[in-house]
Amino acid sequence: MSVINVSPTRMELTKIKKRLAVATKGHKLLKDKRDELMRRFLDTVRETKDLRERVEVKIAEANRSFALASSITQREAIATALMLPKQKVSLNISAKNVMGVNIPVFDIEEKTRSKDDSLSYGYAFTSGDLDNSISILSETFSDLLLLAEKEKMIQMLAVEIEKTRRRVNALEYVMIPNYQDTIRYITMKLGENERGNITRLMKVKDMMVEKQIEARKRQNEALSG
């Protein structure tokens, strides 16, 4: 039994009972939060798994096309073609609150003269495989950012779940049992004190009765003498 170091009084008993009520309510709220975080964590993990598989397939396809382009086009020609891109991309980062966790949200803004004019080179000295590789990477770029967002969300949710789990365990296995043990201890002490007071009162009453009996006895003896 682990008892908090307090005076065994009725006032302290009332305080500890209030603390126990608050701790019990907090324990329930934290358990609900932990369960909801776990649900969102598992849903996000499943979504991220599917997204990662799609992204890996696209990147593998882009790598195959780039490998084919490299096999029929000189490396210098490819480097020159990719030297000056026409597109400009800016990344905006905001945040959304998920169960008290600020999750980053990535948003890209593409700036180009024309959506159909995204390639920065002509077609005379490059192959269609290079076009295909760049096109696939361009289409996959948004999914890559979403994948990074989801994986960061998983990481942050995992940290929050662990923190919440520790708080739940601290309340469930330390604070609440300590309050309960302290309440039992104070209740027991108050009961002992009450029984002790009753015993003392009974002894005082017996002494007073004995004194009254003795006084009457002396009075009767004086009258008979």
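Between Lys28 and Thr187, what length in nm is gained on full extension when 0.36 nm per residue of separation is reduced by their alpha carbon distance? Full-extension gain reported as 54.7 nm. Distance between the modelled labels on Ser138 and Glu210, one decimal in nanometres: 11.0 nm (7 Å Cα→Cβ projection). Between Ile108 and Thr9, the distance separating the two model label sites (each 7 Å from Cα on the Cα→Cβ line) works out to 6.9 nm. On full extension, the segment bounded by Ser70 and Lys18 gains 11.3 nm, given 0.36 nm per residue less the C-alpha separation. Inverting the pair-averaged 1/r between distinct Cα atoms of region 122-199 gives 19.0 Å as its Kirkwood hydrodynamic radius.
Over 32 Å apart at the Cα level, from the set Lys31/Lys150; Lys33/Lys58; Lys17/Lys150; Lys49/Lys88; Lys58/Lys96; Lys28/Lys150, are Lys33/Lys58; Lys17/Lys150.
FRET efficiency for the pair Arg195 and Lys217, taken as 1/(1 + (r/R0)^6) with r the Cβ-Cβ distance and R0 = 22 Å, rounds to 0.10.
Each reported figure results from applying straightforward, stated rules to the coordinates on display, with no laboratory input. Just so it is clear, the structure is predicted and the values come from calculations on it, not from any experiment. Cβ: placed from backbone, ideal geometry, glycine included. Neighbour counts: every protein chain shown.
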